[in-house]
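The values are calculated or read from the model by the stated rules, or taken from the named source; none is laboratory data. Owing to the predicted nature of the structure, the values given are computational and were not obtained by experimental measurement. Glycine gets a Cβ as well: all are built from the backbone with ideal geometry, and neighbour counts include every protein chain shown.
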């Protein structure tokens, strides 16, 4: 279990002891959409206050926030009302993580309905916008990227190993605090743009 207090100073994305923090260093950082996300979480999670969230629940919140603070070209969506897809590459024993993500199924993310899909393969990426790559699925990432072609796909890894394989964001266990690293060059090639609010709280931004 990782407490919200443990990561609050780094990201300020999670509710801590019943209050939302707006660090002065970010001049009242405009995380209104993040706060809206937390308000949409199930009551048992939203009102947890100082209670701990599991690592899986924290990782799920990070992924949804990556969607909120990334801009895709209009061509990435089949229609103006098409959902935004969060997909997990491959199978494996990650049922607890899938359950943590499920609480966000169908919420609104930047005006689009969130569609979460588990256990996708390389032929099922047309409706995916964020592809989460578990470490045991890394060998399949090259074929997934090839199958996606020019489709703008935000590739996020369970660990920093993804950054050497074309990944754009990697989660990091930073001294028992969950953090993330951003690599800009592959994201820019894909036509993706990260909001400055997200980059400001990354543990590291690589070019």
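Observations on the structure shown:
- Within the stretch 70-105, the set of residues being at pLDDT below 95, under 13 Å from residue 59 (Cα atoms) and assigned to a loop (DSSP other than H, G, I, E, B) comprises 94, 103.
- From the list 125, 131, 114, 138, the lone residue that is part of a helix (DSSP H, G or I) and either in contact (Cβ under 8 Å) with a residue 12 or more places away in the chain or under 21 Å from residue 170 (Cα atoms) (or both) is 138.
- Checking every residue in the stretch 147-156 against the condition of being in contact with a strand residue (DSSP E or B) (Cβ under 7 Å, 6 or more places away or on another chain) and not in a strand (DSSP E or B) gives at least one match.
- Inside the stretch 165-187, residues that are free of Cβ contacts under 8 Å to residues at least 24 places away in the same chain, touching a helix residue (DSSP H, G or I) at 6+ places or on another chain (Cβ under 8 Å) and surrounded by fewer than 16 Cβ atoms within 10 Å (Cβ to Cβ) make up a count of 0.
- The stretch 188-199, residues that are over 15 Å from the mean Cα position of the chain (by Cα) and either loosely packed, with under 13 Cβ neighbours inside 10 Å or assigned to a loop (DSSP other than H, G, I, E, B) (or both): 189, 190, 191, 196
- Taken over the stretch 91-107, the criterion of being in contact (Cβ under 8 Å) with a residue 24 or more places away in the chain and under 17 Å from the mean Cα position of the chain (by Cα) is satisfied by 94, 96, 97, 99, 100, 101, 103, 104, 107.
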